[in-house]
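A short write-up of the structure that comes next.
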Amino acid sequence: MFNEYFHSVYTSVLEQPSSTQPSSSSSISSISSIDLTQEEVCHALQNLDPSKAHGPDGLPSRILKECAHQLAPSLHYLFTKSLKISQVPAEWKLANIIPIHKKGNKDHVENYRPISLLSIVSKTLERCVLNHISHHIQSNIHSAQFGFVSGRFQRVTVHGATSQSLPITSGVPQGSLLSPFLFSIYINDLPNHLSSSTGVGLFADDTKLYKAVQNPSDALVLQEDIRSLQSWSEENRLRFNNSKCKVLSITRKSSPLITSYSLDGQQLALSNTEIDLGVVMNSNLTWINQVNRVRSKANKMLGFIRRTTMEMHDIGARRYLYLQLVRNNFAYASQVWSPQSIKLIENIEK
C-alpha cells in the first residue's frame, strides 16, 4: 500500500522528456573526465557519519569508516571502473523507504512522507564526484540542465518487513548527496520564464511567487506568470501538486483587492496562514500565529522532559535537554519573527 502510493507520484516513462536543452546559448566547457585517487576515497570513507542507517546492501557506515584504509584500494578500483563504463551496480539504484507519519489520520497513506535509505558505498562515490564537479557546475549553473536517472527501484520497509521493488521512473534519489545539486541545476532556468516584476523564491522543491498587486493589471501579470510556470512544469515533466499550492494575500487595507488565481485550470485556494520553512506567516504580516505555534511546541516538549527526567538528578543533563529541545524552538529563525509588541513578548514569557 505504501509502496504503491509513493510510486504513484513519479512521471511515467511515456511522459519523460525526450531531451533537455539549455535555456541559454552561452557556451559551457565540459568536464572531460573525473579521475579519483585512492586518497580521495579513503578521505570520503573516514568522513562518514557512523550513526547513519545503512541501505539495501546492509553495509553499515561504521564498518566502512573504521576500515577506510583497508577498503579504499578496492573501492577506488570499483569507483574508477564505474565512472569509466558509466554504470553502477544495480544494488546502488535501489532505495529502502521508511514511511514517517506527518500529521492527521494514521490510517491514510497520504499522511506519511517517505524517508529513503540508500547504499552508503554509492553515497561515498557521490561525495567524491560532487567534490570534482561542484565548482565547475556552480560557475555555469544558469544554463545547465540534467535529465533524470533511469533504472532505479524502491521498496518500502516497515517493522522489518520489506515490500516488492517498484521502478522509479522520474526524479532524483532522496537521500543522495548529488540529488540536491542536480535538482537545483534542473530547475535553475525556471525564473527566466517569469516577468521581471514578479519575484520568485526557490528552496529545494518549494517554489514561491511574490508580487505587489496594486490594481487589476498587476493581478493579470501575476496570473500570466503562473501560466508560464505551468508551461515550464509541463515541458520539464515536473508537475506541481495543486492541492499544496495556495495564495497568501498580505495587506493592511480595509478593502483589499481580492483576485482569484488558477493553476492548470484549477482555482488556487486562498489561505490566511502559511508555513514557510518552519515559520508561520499570516495575511496581516503579524507573528501571533508563529508565536502561538512555537509556544505550543515548546510547552509540549517541556512537559515531555519533565515526565521522562523525574528521577534524573543530573542538573547538567536536564539543562542540556532544555536547551536543545525547548529553547531551540524559540531561537529558530528568530531574526525574522522575534516579537516587538509587549503582548507577544508576554505570550512567550508566560
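Each Cα pair of the stretch 190-271 feeds into the Kirkwood radius, which the Stokes-Einstein equation turns, at 10 °C and 1.306 mPa s, into a diffusion coefficient of 118 µm²/s.
Within the stretch 181-297, how many Lys pairs that are eight or more residues apart, or on different chains, come under 24 Å at the alpha-carbon?
7
Report the charge-dipole magnitude of the stretch 190-271 in Debye, nearest 20, computed about the Cα centre from +1 at each Lys and Arg Cβ and -1 at each Asp and Glu Cβ. Before the final figure, lay out each step's value.
Details: 9 positive and 8 negative charges, 66 e Å.
Using Cβ point charges on Lys, Arg, Asp and Glu, the stretch 190-271 gives about 320 debye.
Near residue 115, the amide H atoms lying under 5 Å from its own belong to 98, 100; only residues 5 or more places off or on other chains count, and H is placed 1.01 Å from N.
Could you list 311, 224, 110 in order of exposure, starting from the residue whose Cβ has the fewest other Cβ atoms within 10 Å? Numbers along the way, then the final one.
Working: 311 5, 224 13, 110 10.
Ranking 311, 224, 110 by Cβ neighbours within 10 Å, fewest first, gives 311, 110, 224.
Shown here: the stretch 281-349, whose C-alpha atoms stretch 45, 19, 19 Å along the first, second and third principal axes, sorted largest to smallest. Estimated at 0.36 nm per residue, the fully extended path between residue 347 and residue 108 surpasses their Cα-Cα distance by 82.5 nm. Peptide packing for 181-190, 51-60 was compared via the average number of neighbouring C-beta atoms within 10 Å per residue; ordered from the highest value, the list is 181-190, 51-60. If you bin all the Cα-Cα distances of the stretch 228-313 at 10 Å, starting from zero, the percentages per bin are 14, 28, 26, 17, 10, 5, 0.
First select every other residue whose beta carbon is under 12 angstrom from the beta carbon of residue 34; then total the charges, Lys and Arg +1, Asp and Glu -1. It would help to have the intermediate numbers written out before the result.
Details: positive: 84; negative: 35, 40, 126.
Within the 12 Å Cβ shell, the charges total -2.
Taking Lys and Arg as +1 and Asp and Glu as -1, the other residues whose beta-carbon sits under 14 Å from that of residue 312 total +2.
Bear in mind these aren't lab numbers, they're just calculated from the coordinates by the rules spelled out. Since we're looking at a predicted model, the values are computed, not measured. Here the Cβ is made from the backbone with ideal geometry for all residues, glycine too, and neighbour counts use every protein chain on show.
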